[in-house]
Every structure is written in structure tokens, then in C-alpha cells.
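Values in this text are rule-based calculations from the coordinates and carry no lab data. The structure presented is a predicted model; accordingly, all values stated were derived computationally and were not measured. FYI the Cβ positions are ideal-geometry reconstructions off the backbone, even for glycines, and counts take in every protein chain you see.
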Amino acid sequence: MGVEVSVEHLTKSFGSQTIWRDVTLTLPSGEVNALLGPSGTGKSVFLKTLIGLLQPDQGSVIVDGTDITQCSAKELYEIRKLFGVLFQDGALFGSMSLYDNIAFPLREHTRKKEDEIRRIVMEKVDLVGLTGAEDKLPGEISGGMRKRAGLARALVLDPEIILCDEPDSGLDPVRTAYISQLLIDINAQIDATILIVTHNINIARTIPDNIGMLFRKELVMFGPREVLLTSHEPVVKQFLSGDRFGPIGMSEEKDEAVAAKEAAMQAAGISGGGTKDDFSIIQPQVQPNPGMPERKAIKRHRERVKELLPSLPESAQEAIRRSMAEEDEVAARNRGESAQVPAGVGAHARSEAGAETQADLNAPAGADTSGQTDQFTSVDNGHSPSDAVTEQFPAYQDGSSSDETSAGGRHHGDGATGDDRSGEKSQGR
């Protein structure tokens, strides 16, 4: 089972520039988490701080009961063995083949023989769809393929904590869906604690159990995805919809003149370019492939959400209950399909996560052809779940409710966007 990671009052600066301050959150054991935020808000810095590559100015990072900001170098070395990390750019050794890159953690941290190492490496290579490319150098393949090789290396030790820095960058939408499904399947198999840094809103809506968001050097929110997705917090709503009208600007600090001008444009009916999806409708969470075990995290997560339900607006409660019912239907259907799936088919399905074409393998160098209640850790132990929500989610303090959701909304449990594109109308023709 994955281990809990607890961050308390964490602050990080580079010189006079504060990256983020007083960040407090808990990644619950065995759950999938996502961290959102505009570019430049320090999400990658946060991941590097979690594994001790960067030292915070103050605060603590407690991994499996050990504060890595205070431990010895030897203790930190051992703690890092719990982690598997997919860096934003893959971070592969340029002079090593993909095979040797993926085998590196096994050779560094274990005493396995080469035949056992080869079996494990080739299993991970197949898992991420790179069979046939294992002897190539990182400079001989596309950026998307390098990203998948980095994921294979992150998984090779079957880690208890998996950190993924933008796993979808450099990947086309189909491969992104496969990688997202792969992370869910891995969580089902080994119950690992996972943290995904992403800008992909579909991943945020359908993959994690919990979501956090960084903005203006602070953690705006962290909690169950159902709470964040039904939030009235302006920065959250703007980010999810991808609209230019709102607190987020081209620079992080939008000045008053620009904000006033955009407010006038919005009042005049001018579009901010964002999607018009109804984000108060909660898409069902992606389920493991048929043949995979059921995720243990679901029960733990749902119990925590049920504790919070009475303190949420009525419309949010309705959306969450409907989402839970739909997820139960998908899970029941998967159980029925699993009973008919021969052993090993689930693993084979994962290997489809990017079967490369010959054109991909022969791409020029550098070409990217791959087209819990304690979660609210700032709250005193004596407070009720309702207190936790109002303190950690200020948008609910006034008791306002979100717009009523449409009972006829279509949902998918397979990582698809759920949008019906067939009815789009041409504009200005």
C-alpha cells in the first residue's frame, strides 16, 4: 500500500522571489491526487521539494513518518526508494539507450541479476508501448516517446509513491487517455499514492481522487475532486473552463485596469474563449480496466466525501450523489466484464498505451510525432467537517449554491471528454 505524504506550512523562495508560502496538505495513502495551477506557480518545484531535491525555507515534508527536511542524507537516500518520479522533460540520460535508462534504478538500488532485470525492464517497456524502441538513444526518438520511457523508469521499482510532472505533455489525446488509464490500473494493482501535476482539465476531472490548486503563491484549495469541481471559487472556475476572463491573467498578477476592461467586455457579451461545459456536472471517475482489481482507495475516499456532503450546497450534494451512482454503475459493469475476461488480458490492454508506428520509431532526432478528514490539515482537530470545508474552501462560506445541473448530461468512465461534438454549429458562415 502507498504511504501518506504530509506537507505542513511549507514555504519556498529563490532569493527574494517567493515561489509559494505556507502550503499545507496531505496526500492520503493509496489515493490519486492532482495539482493544478497556471504556468509558473511552482508546481514542479513542489514535486522536487517532496523528494528532497530542493530544500524548503521552512515547513516540513513527512513521508512514511520521516521528516525529509530534517533527516540525514542516508535516511533521505532510503526514503527516495519509495518514490517513482516522471519528470516533466523525461530526464533521461542522453548517452544511454532507453533500456539502460529504464534499468538504471534496478541496477542502482537492487542486487537483481541481469536476466531478472531484463524481464522487468521489458515488461515496463511493453506497458508503455515502446516495444522495439528499447535500444534507441533518447535523441533518436520523439518527445512523447521519451516521456513514456521516463514513465517506465518511474514504475520499474513498483514504487509506493508516484510523482508525475505533466505526464500528458508531448502526447496526443489518445495516448494521454491510455497513460491516464495506466496510472489508474497501477493504483488498482499496487495501491500506490500518486500525485499528478497537470494542465489537462480532462485528466483533472476524471482521474484523481483529490485535487489541489496553486495560485498567487498560495494553495487555493486541496480536497476531494468532487468538492473542487463544484466550487464557486473564481480562479478555479476560470482555470477549469480555460477562459481569459477572471483572476488569472497573462501575467499571474492581473492589474485592475485589465480586469475592469475584461469585465466590461464580458458584460457586453463578448466571449472569453473558454469552454462552455457545465463544470458543476461531475464526470464519473475513470475505473480500472476489466481484469484489474478494484481500487482500494475508492472506499476510503468515498467515506470522506460522505462526511463532507451535509456541509456543501444542495446543488453540489445532488451532483456528487449522481456522480457516485454513475460510478457504481460503471464499476458494476466492469465487474461483470471482468468475470468474462481471461487471465492476463488486463495487462495486455495496458500494453496498447501507445503501440508505436514505424514512422514514430524512425522519426528524426527530437521530433515529437506522438501526436480523509485529515486532508484539511489547516483545520484544528476539534473542528467539524463543516468547519473544515468553510475554512479550506472559502467559496462555501456564504452558503451559496451552484447552478442546477442537467439531469440529462452524458458522462463517460473511460477518460473521454464527454463532449458531444456532433452538434457543433459553424460560426460566421
Expected unfolding gain across residue 303-residue 53 under the 0.36 nm per residue rule, minus the alpha-carbon gap, is 86.5 nm
Filtered pair list for the stretch 41-119 (Lys only, Cα < 23 Å, 8 or more apart or interchain) has a length of 6
When 239, 46, 245 are arranged by how many other beta-carbons sit within 10 Å of their Cβ, fewest first, they go 245, 239, 46
When 209, 57 are arranged by how many other beta-carbons sit within 10 Å of their Cβ, fewest first, they go 57, 209
Subtracting the Cα-Cα distance of residue 13 and residue 75 from 0.36 nm times their residue separation yields 19.9 nm
Residues whose modelled amide H sits under 5 Å from the amide H of residue 58, counting only those 5 or more places away in sequence or on another chain, are 11
For residue 24, other-chain or 5+-apart residues with amide H closer than 5 Å (H placed, Pro excluded) are 9, 10
For residue 270, placing the label point 7 angstrom along Cα-to-beta-carbon and taking the stretch 224-251, residues whose amide nitrogen sits under 19 Å are 242-251
When the charge dipole of the stretch 71-123 is computed with +1 on Lys and Arg Cβ and -1 on Asp and Glu Cβ about the Cα centre, the Cα farthest towards its positive end, among 104, 86, 71, belongs to 71
Using alpha carbon centers only, the stretch 127-151 is separated from the stretch 184-239 by a whole-angstrom value of 28
Place a point 7 Å from the Cα of residue 118 in the direction of its beta carbon; the residues of the stretch 128-155 whose amide N falls under 19 Å from it are 130-137
For residue 158 and residue 100, extending 7 Å from Cα along the Cα-Cβ vector and measuring point to point gives, in nm, a value of 2.8
Magnitude of the Cβ-charge dipole (Lys and Arg +1, Asp and Glu -1) of the stretch 16-114 about the Cα centre, nearest 20 debye, reported as 260
Final fewest-first order of 99, 77 on the 10 Å Cβ neighbour count is 77, 99
